[in-house]
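Q: The structure is given below, and queries will be raised subsequently.
What follows draws every value from the coordinates through simple rules; no lab data is involved. Treat the numbers as computed from the prediction; the structure is a model and nothing was measured. Virtual Cβ from ideal backbone geometry, glycine too; neighbours counted across all protein chains shown.
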Amino acid sequence: MDVAQRVEACRKRLQSLDGFPLLESERLQLRAPREQDVATTFALFSDPTVMRYWSRSAMTDEQEAVEYLDGIARGFHERSFINWIVVDRAEHRMVGTCTLYEIMPQHLRTGIGYAILPEAQGRGFASEAVHMAVSWAFEVLGLHRVEADIHPDNLPSRRVLERCGFHEEGLLRERFCTASEIQHSLVFGRLVSDPTPARAPRRVGGPAEDSGPMLA
Ligand SMILES: CC(C)(COP(=O)(O)OP(=O)(O)OC[C@H]1O[C@@H](n2cnc3c(N)ncnc32)[C@H](O)[C@@H]1OP(=O)(O)O)[C@@H](O)C(=O)NCCC(=O)NCCS
């Protein structure tokens, strides 16, 4: 397939997804949001340690979490981003989010972002969720490149990307405004042709999820 054919195939695959994708590994489930996720979403995005390097300010009202989850349904409807709720399968509870944002079939690429509740950090959940989302983006959508940009001081995020086979590609100066600073972005990229890292977690395939449980 030449590039134009790959672009067309990717566009078709994205448009023809028959429901919000459900991804499963032995430990994790990446699923569509549900109404009961509001409180945990608010806990996650109102936590100052989670929001320290995030590109928006911390939530201060639970209604913002409701709007955030509503936005996920819209993003999927428009196929512009896919924002999964990350669930610890053993405990049946939401532990974070993992997002393919700015999905661009015309350039065969997407961005990726992720956040894990402080009490669930350090157990490899982010690395596993990123690995699952990246594999899905390459294998199911046929994308060529996944990229992330992080605050240069965000060492846990850097480790997640390194563990998932991303390469550091460059520093973009003073690119994001937070409440207190204009921060640099460190860009990482992973190509479909890059080797899968040896420590990558094993993924168990899952069916597409019915869009029923999503917030309207
Ligand atoms: C980044 C984040 C998602 C990582 O979640 P996590 O589930 O703890 O990640 P993992 O357990 O998969 O891996 C964390 C890695 O960071 C390392 N790490 C954790 N804290 C660290 C620190 N203070 N300094 C250096 N490395 C650190 C861990 O040792 C681990 O690396 P290892 O596997 O080589 O040991 C989590 O810290 C978070 O939600 N941060 C706030 C939101 C954010 O900044 N998201 C990224 C922006 S895109």
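Q: For segment 37-50, does any single residue satisfy the condition of being more than 28 Å from residue 154 (Cβ to Cβ) and exposed (fewer than 14 other Cβ atoms within 10 Å of the Cβ)?
A: First pass over segment 37-50, keeping only residues more than 28 Å from residue 154 (Cβ to Cβ): none.
Checked segment 37-50: no residue is more than 28 Å from residue 154 (Cβ to Cβ) and exposed (fewer than 14 other Cβ atoms within 10 Å of the Cβ).
Q: Taking segment 11-50 as the search range and keeping residues that are within 17 Å of residue 140 (Cα to Cα) and of a type in the set (Asp, Glu), which one is nearest to the ligand (Cβ to nearest atom)?
A: 24
Okay, residues lined up against (1) over 11 Å from residue 53 (Cα atoms); (2) touching a Lys or Arg at 6+ places or on another chain (Cβ under 9 Å); (3) of a type in the set (Gly, Ala, Ser):
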position: 146; (1), (2), (3): yes, yes, no
position: 160; (1), (2), (3): yes, no, no
position: 167; (1), (2), (3): yes, yes, no
position: 174; (1), (2), (3): yes, no, no
position: 178; (1), (2), (3): no, yes, no
position: 193; (1), (2), (3): yes, no, yes
position: 196; (1), (2), (3): yes, no, no
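Q: While we're on this one: I need a count of the residues in segment 90-113 that are more than 8 Å from the ligand (Cβ to nearest atom) and more than 12 Å from residue 29 (Cα to Cα).
A: Looking only at that region, the number is 13.
Q: Further question: Is it the case that segment 164-180 has a residue that's within 22 Å of residue 124 (Cβ to Cβ), within 11 Å of the ligand (Cβ to nearest atom), without any contact (Cβ under 8 Å) to a residue 60 or more places away in the chain and in a helix (DSSP H, G or I)?
A: Going through segment 164-180, the residues within 22 Å of residue 124 (Cβ to Cβ) turn out to be 164-168.
Then keep just the ones that are within 11 Å of the ligand (Cβ to nearest atom); that gives 164.
Okay, now just the ones that are also without any contact (Cβ under 8 Å) to a residue 60 or more places away in the chain, so 164.
Then keep just the ones that are in a helix (DSSP H, G or I); that gives none.
There is no residue in segment 164-180 that is within 22 Å of residue 124 (Cβ to Cβ), within 11 Å of the ligand (Cβ to nearest atom), without any contact (Cβ under 8 Å) to a residue 60 or more places away in the chain and in a helix (DSSP H, G or I).
Q: Which pairs do you get when a residue that is under 14 Å from residue 98 (Cβ atoms), found in segment 119-144, comes within reach of a residue that is assigned to a helix (DSSP H, G or I) and within 7 Å of the ligand (Cβ to nearest atom), reach meaning Cβ atoms under 7 angstrom, with the pair 6+ apart or on two chains?
A: These pairs meet every condition: 126/160; 127/160; 127/163; 130/160.
Q: Look at residue 6 and say whether it is out of contact with any His (no Cβ under 8 Å at 6 or more places or on another chain), surrounded by 15 or more Cβ atoms within 10 Å (Cβ to Cβ) and assigned to a helix (DSSP H, G or I).
A: Numbers: out of contact with any His (no Cβ under 8 Å at 6 or more places or on another chain): no; surrounded by 15 or more Cβ atoms within 10 Å (Cβ to Cβ): yes; assigned to a helix (DSSP H, G or I): yes.
No: the conditions fail for residue 6.
Q: Determine if segment 52-68 includes at least one residue that is under 22 Å from residue 132 (Cβ atoms), buried (at least 18 other Cβ atoms within 10 Å of the Cβ) and touching a Pro at 6+ places or on another chain (Cβ under 8 Å).
A: Filtering segment 52-68 for residues under 22 Å from residue 132 (Cβ atoms) gives 54, 68.
From what's left, buried (at least 18 other Cβ atoms within 10 Å of the Cβ): 68.
Subset that is touching a Pro at 6+ places or on another chain (Cβ under 8 Å): none.
Scanning segment 52-68 turns up no residue that is under 22 Å from residue 132 (Cβ atoms), buried (at least 18 other Cβ atoms within 10 Å of the Cβ) and touching a Pro at 6+ places or on another chain (Cβ under 8 Å).
Q: Quickly run through segment 51-89 and pick out the residues that are within 13 Å of the ligand (Cβ to nearest atom) and over 27 Å from residue 152 (Cβ atoms).
A: 88
Q: Within segment 114-147, take every residue that is within 8 Å of the ligand (Cβ to nearest atom) and on the phi > 0 side of the Ramachandran plot and give me the one that is farthest from the chain's Cα centre (by Cα).
A: Per the stated criteria, the residue is 122.
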